[in-house]
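Colleague: Here it is, the structure, as structure tokens.
The values are calculated or read from the model by the stated rules, or taken from the named source; none is laboratory data. In this text the structure is predicted, and so the values were computed from the model without any measurement. Heads up, the Cβs are rebuilt from the backbone with ideal geometry, glycines too, and the neighbour counts pull from every protein chain shown.
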Amino acid sequence: MAQVLVLPGDGIGPEIVAQAVKVLLALKEKHGLDIDLSEGLVGGASIDAHNTPLTEATLAQAQAADAVLLGAVGGPKWDGMAMSDRPEKGLLALRKGLNLFANLRPAILYPQLTHASTLKPEVVSGLDLLIVRELTGGIYFGQPRGVRTLENGERQGYNTLVYSESEIERIAHVAFKAAQKRSKRVCSIDKSNVLETTALWKEVVTRIAAQYPDVELSHMLVDNAAMQLVKAPKQFDVMLADNMFGDILSDEASMLTGSIGMLASASLNEHNKGMYEPSHGSAPDIAGKDLANPIATVLSAAMMLRYSLADTVNADRIEAAVGKVLDAGLRTGDIWTEGCTCVSTSQMGDAIAAAL
Ligand code: IPM
Ligand code: MG
């Protein structure tokens, strides 16, 4: 039986994760999904209980599990804390501790939501792109980092953008392999006109591309990519980006799909072991109000079945159920448009579970 560790986290995390759990339990009951769920604390919830955003015990549990399903971390309550103790450190420690270097963020526009996007329907309809984001390196983890005091008494902040060739190679392989199963195009994102690290990124990705003659590689500077994403997003198939560029571009891409509440993600190691989480944050402003869109988390659970538990049939069932519920006109507030029925977080979860 597959062991899944569920880490709801903070803010809207518990509400949205509860819907994904509802869906998984419904699959267990209706379709015999062989899964065992246990729950733990991460982020602010763990700080409150254990004074650390991730305990050794929870990390060990995550390492032992077949997959981890996570909600979101962070919130104003912990904003004043030192960088090294913040809720986000729990998430970063999980990514690093499980070696989840490959973050897959599919931005797919459900045809039912064409009018929920802030962009014109003709710009986004049919959108299906995949952001492959490097997740355990780059400026997020580079040393040295900190805030130091200069001789003149002024404080200076510094971070380090580092990538070794092997780190670039392994994420490039993930992007090319993903492209082979799609439209066979990879666009690698860099700032090679200014930053040495990303010039190396471009060089290494180009070298790896030679092993994938069936995939077409292009390169784009990150500022241009940000513009192209809103100008003509359908030109992209797979976008390969480093940790920080991928973080930023994936939030941007999410809005093409109508709402960041639709964007699922998988973070994988070299053995396809993974952690699954919505790409959005903990949305403290709407936490506890039963307003949040649980679909990104539910779709993350589908990715979990597909990638880590090798259960394509049940993954397909979840995705189809989401489609049915959208067909029926049910919408949470973030994706609501005229003529649709506005539902709460838990009503959306109930409807998806019922549609399985
Ligand atoms: C994400 C989030 C995280 C990140 C934060 C919460 C640390 O924005 O998963 O995109 O920056 O990676
Ligand atoms: Mg982000």
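Colleague: If only one of 329, 333 is within 15 Å of residue 259 (Cβ to Cβ), surrounded by fewer than 19 Cβ atoms within 10 Å (Cβ to Cβ) and either in the same structural domain as residue 29 (by TED's automatic domain parsing) or touching a helix residue (DSSP H, G or I) at 6+ places or on another chain (Cβ under 8 Å) (or both), which one is it? Steps first, answer last, please.
Modeller: Working: 329 fails: within 15 Å of residue 259 (Cβ to Cβ).
So the residue among 329, 333 that is within 15 Å of residue 259 (Cβ to Cβ), surrounded by fewer than 19 Cβ atoms within 10 Å (Cβ to Cβ) and either in the same structural domain as residue 29 (by TED's automatic domain parsing) or touching a helix residue (DSSP H, G or I) at 6+ places or on another chain (Cβ under 8 Å) (or both) is 333.
Colleague: Another one. Quick check on residue 118: is it polar (S, T, N, Q), more than 16 Å from ligand 2 (Cβ to nearest atom) and either over 30 Å from residue 146 (Cβ atoms) or in contact with a Gly (Cβ under 6 Å, 6 or more places away or on another chain) (or both)?
Modeller: On the way: polar (S, T, N, Q): yes; more than 16 Å from ligand 2 (Cβ to nearest atom): yes; either over 30 Å from residue 146 (Cβ atoms) or in contact with a Gly (Cβ under 6 Å, 6 or more places away or on another chain) (or both): yes.
Judged against the criteria, residue 118 is a match.
Colleague: Determine whether residue 348 is of a type in the set (A, V, I, L, M, F, W, C), in contact with a strand residue (DSSP E or B) (Cβ under 9 Å, 6 or more places away or on another chain) and away from ligand 1 (no atom under 16 Å from the Cβ).
Modeller: Yes: the conditions hold for residue 348.
Colleague: Tally up the residues in the range 22-81 that are on the phi > 0 side of the Ramachandran plot and out of contact with any helix residue (DSSP H, G or I) (no Cβ under 8 Å at 6 or more places or on another chain), please.
Modeller: 2
Colleague: Next up: Looking for something acidic (Asp, Glu), free of Cβ contacts under 8 Å to residues at least 40 places away in the same chain and within 14 Å of residue 8 (Cβ to Cβ) - is there at least one such residue anywhere in the range 40-61? Talk me through it step by step, then tell me what you get.
Modeller: To start, the set of residues in the range 40-61 that are acidic (Asp, Glu) comprises 48, 56.
Checking the rest, the ones that are also free of Cβ contacts under 8 Å to residues at least 40 places away in the same chain come to 48, 56.
If we keep only those that are within 14 Å of residue 8 (Cβ to Cβ) as well, we get 48.
Yes, that holds for at least one residue.
Colleague: Let me ask something else about it. Just one of 153, 138 is crowded, with 18+ Cβ neighbours inside 10 Å and either aliphatic (A, V, I, L, M) or at pLDDT 95 or above (or both); which is it? Working first, answer last.
Modeller: Values: 153 fails: crowded, with 18+ Cβ neighbours inside 10 Å.
Every option except 138 fails the conditions.
Colleague: Take the range 275-302 and flag every residue that is touching a Ser or Thr at 6+ places or on another chain (Cβ under 8 Å) and within 14 Å of ligand 1 (Cβ to nearest atom).
Modeller: First, the residues of the range 275-302 that are touching a Ser or Thr at 6+ places or on another chain (Cβ under 8 Å): 275-280, 290-296, 300.
Hits for the range 275-302 are 275, 276, 277, 278, 279, 280, 296, 300.
Colleague: Among the residues of the range 272-286, are any in contact with an Asp or Glu (Cβ under 8 Å, 6 or more places away or on another chain) and surrounded by fewer than 17 Cβ atoms within 10 Å (Cβ to Cβ)?
Modeller: Scanning the range 272-286, I find no residue that is in contact with an Asp or Glu (Cβ under 8 Å, 6 or more places away or on another chain) and surrounded by fewer than 17 Cβ atoms within 10 Å (Cβ to Cβ), so the answer is no.
Colleague: Among what's in the range 223-274 and is within 16 Å of ligand 1 (Cβ to nearest atom), assigned to a helix (DSSP H, G or I) and among the small types (Gly, Ala, Ser), pick the residue that is modelled with the lowest pLDDT.
Modeller: 254
Colleague: Next question, about the same structure. When the residues of the range 232-253 are narrowed to those that are touching a strand residue (DSSP E or B) at 6+ places or on another chain (Cβ under 6 Å) and polar (S, T, N, Q), which ends up farthest from ligand 2 (Cβ to nearest atom)?
Modeller: Among them, the one singled out is 243.
Colleague: Checking residue 179 against (1) assigned to a loop (DSSP other than H, G, I, E, B); (2) surrounded by 14 or more Cβ atoms within 10 Å (Cβ to Cβ), only one condition comes out false. Which one?
Modeller: (1)
Colleague: Something else about it: Return only the number of the condition from (1) over 28 Å from residue 333 (Cβ atoms); (2) more than 16 Å from ligand 2 (Cβ to nearest atom); (3) modelled with pLDDT of 95 or more; (4) outside any helix (DSSP H, G or I) that residue 93 does not satisfy.
Modeller: Just one mismatch for residue 93, condition (4).
Results for (1) small (Gly, Ala, Ser); (2) out of contact with any Pro (no Cβ under 9 Å at 6 or more places or on another chain); (3) surrounded by fewer than 23 Cβ atoms within 10 Å (Cβ to Cβ), shown as yes or no for each residue.
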site	(1), (2), (3)
197	no, yes, yes
203	no, yes, yes
217	no, yes, yes
220	no, yes, yes
238	no, yes, no
251	no, yes, yes
288	yes, no, yes
